[in-house]
Amino acid sequence: MKNKLFRACCALSMSFLATNVFADVKVGAIYDITGDLNIFGIQQINGVNLAIDDINKNGGVLGEQIKLVTYDTQSSLNKYTQFARTAVLRDGLSAVFGGMTSSSREAIRPIFRKANMPYFYSTIYEGGACDKQTFVTGPSASQQLNPLIKWAISQYGPKIYVMAPDYNFGTISASWIEAYAKQFGGEVVGKDFLSLTTTDYAPTIQKIQRSKPDFVVALPVGPSQVGFIEQFAAAGLKDSMPVVSTNYSTGNEQVLLSPKAGDGIIASQVYFMSLDTPENKTFLDAWNEKYSDSKSVSPEAVTTWNAVHLWAKAAEKAQSFDHDKVIAALESGEVTFTGPNGLVTMEGPSHHLKQNVYIARGNDNYGFSIIDTYPDAAPVYENQMCDLISHPKMAEHFTP
């Protein structure tokens, strides 16, 4: 009798589990919510939270509400690997969204590769990341630097000075700048690579003055971006040597600059708040309702918003949260989403997005005026180098 009762209970339990196979669906977010890089991390985690709110409000995914597990790395690279392992070994996640710096991405990418867990990296970067589990929703250098360098040479002249951080984002981006300069009839007349902790830019400014470039490509990160532009403007050089950048505004640096210093800075991004689309208006209304104290929205907030929605659409297409099935759906070329920045499409072989790229000029009111649009910009280099459908075991970081 006891054995029959036990078998009956087991059968009921298995039946319950079968009908609730998607219960307690969790995704993870690993960001720099505190520490020196939190100007990026707060925007990123806010974008993820807002997207999950939006998805859950509209019925969830496959009828299930999505729960978020949040990890604060405190801007420490060691904590990225610690939390990535926790996400894999303890928390039973369906996907992970995380990372700001390229070094943080490279620290955790192998962990999610080994665990076969879909991982979304949503920051602008130097390009070239390629493996089966990683999906990039931020723009690569081939999407941002190509149009920016071409535009700047046509507007200002061929001589370029590069000022960038001394790690892979800065050094690889500089290689791309040299390649695009050559392609569009320009030349790099000087380069300076500085640590993230640099605060005195007088030596760099003196080198720029001696090199006499037509424009400066400035790629310092976060607070360093603010410090360099303020000191460059104070030296009286900004009007004669325009500054262009692919990462200016990623941490809402324009809000921290004096209006005079920010006026006229050129940025190439996939999103600016000034975009006049119904989707952007809806997004900003929801953002302002949830985060009333936020003065500005960075591109990273939007690329993380898009990442969560793309994962949700892939799960719906797969009719499953199974990692392999979601990855296959993302590789189908049929997962698209119209975000605040326009239509985005996941390119199956390269795991990068095709999306609009905008060039904008900073104004003296902490905002941007869009001056050129490049619709449906493809990740050209990544599409050339990375074919994860034909070569699913490929795991590389390609560089020019």
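Every read-out reported here was derived from the displayed coordinates using simple, explicitly stated rules and does not represent laboratory data. As the structure is a computational prediction, the values presented were derived from the model and not from experiment. Neighbour counts are summed over all protein chains in view; Cβ atoms, including those assigned to glycine, are modelled from backbone coordinates with ideal geometry.
Antiparallel versus total DSSP beta bridges in the range 142-269: what percent is that, nearest 5? Numbers along the way, then the final one.
Working: 0 of 15 bridges.
Taking every DSSP beta bridge with both residues in the range 142-269, the antiparallel ones total about 0 percent.
Give me the one-decimal nm value for the distance between modelled label points at Q206 and K393, 7 Å along each residue's Cα-to-Cβ direction.
Using points 7 Å along Cα→Cβ, the separation is 5.5 nm.
Could you give the distance between the Cα centres of the range 307-384 and the range 120-159, to the whole Å?
So the separation of the two Cα centres works out to 13 Å.
If we count other beta carbons within 10 Å of each Cβ, what is the order of T199, T81, fewest first?
Details: T199 10, T81 17.
The most exposed by this proxy come first: T199, T81.
Put +1 on the Cβ of each Lys and Arg and -1 on the Cβ of each Asp and Glu in the chain; which of V335, Y161, I229 then has its Cα farthest toward the positive end of the dipole?
My answer, from the dipole projection, is V335.
Order of 83-96, 39-52 by packing, highest average Cβ count within 10 Å first? Kindly include the intermediate steps, with their values, before the conclusion.
Numbers: 83-96: 19.7, 39-52: 23.9.
Top of the packing list down: 39-52, 83-96.
Can you tally the net charge around A318? Count Lys and Arg as +1, Asp and Glu as -1, for every other residue whose Cβ sits under 14 Å from the Cβ of A318. Show your work: numbers first, answer last.
Details: positive: K313, K317, K325; negative: E64, E316, D322, D324, E331, E334.
Once positives and negatives cancel, what remains is -3.
Using unit Cβ charges (K, R positive; D, E negative) and no other charged atoms, how large, in debye to the nearest 20, is the dipole of the range 70-190 about its Cα centre? Please list the in-between numbers first.
Values: 11 positive and 8 negative charges, 62 e Å.
In total the dipole reaches around 300 debye.
What number do you get for the range 142-269 when its Cα radius of gyration is normalised by 2.2 N^0.38 Å, N = residues? Walk me through the numbers before you get to the answer.
Values: Rg = 13.0 Å, N = 128, 2.2 N^0.38 = 13.9 Å.
Working it through for the range 142-269, the quotient is 0.94.
First select every other residue whose beta carbon is under 14 angstrom from the beta carbon of Q133; then total the charges, Lys and Arg +1, Asp and Glu -1. Walk me through the numbers on the way to the answer.
Working: positive: R105, R109, R113, K114, K132, K325, K393; negative: E106, D131, D322, D324, E331, E396.
Residues close to Q133 contribute a combined charge of +1.
Taking the number of other C-beta atoms within 10 Å as the exposure measure, put L275, L330, L237 in order starting with the fewest. Spell out each step's value before the answer.
Working: L275 21, L330 24, L237 16.
Placing the least packed residue first, the sequence is L237, L275, L330.
Are there DSSP H segments in the chain that both extend 24 Å or more along their axis (alpha-carbon positions) and score a mean Kyte-Doolittle hydropathy of at least -0.5? List them, or say none. Spell out each step's value before the answer.
Values: long enough: 2-19 (26 Å, 0.62); 38-57 (28 Å, 0.12); 299-318 (28 Å, -0.16).
Counting only whole DSSP H runs, the qualifying helices are 2-19, 38-57, 299-318.
Would you list E279, E382 from fewest to most Cβ contacts within 10 Å? Before the final figure, lay out the partial values.
Values: E279 15, E382 25.
Ordered by Cβ neighbours within 10 Å, fewest first: E279, E382.
Projecting each Cα onto the charge dipole of the range 142-269 (Lys/Arg +1, Asp/Glu -1 at the beta carbon, about the Cα centre), which of I149, T204, A267 comes out farthest on the positive side?
Of the options given, the answer is I149.
Can you give the Kirkwood hydrodynamic radius for the chain, in Å, rounded to one decimal and based on Cα pairs?
Value: 21.8 Å, from the Cα pair sum.
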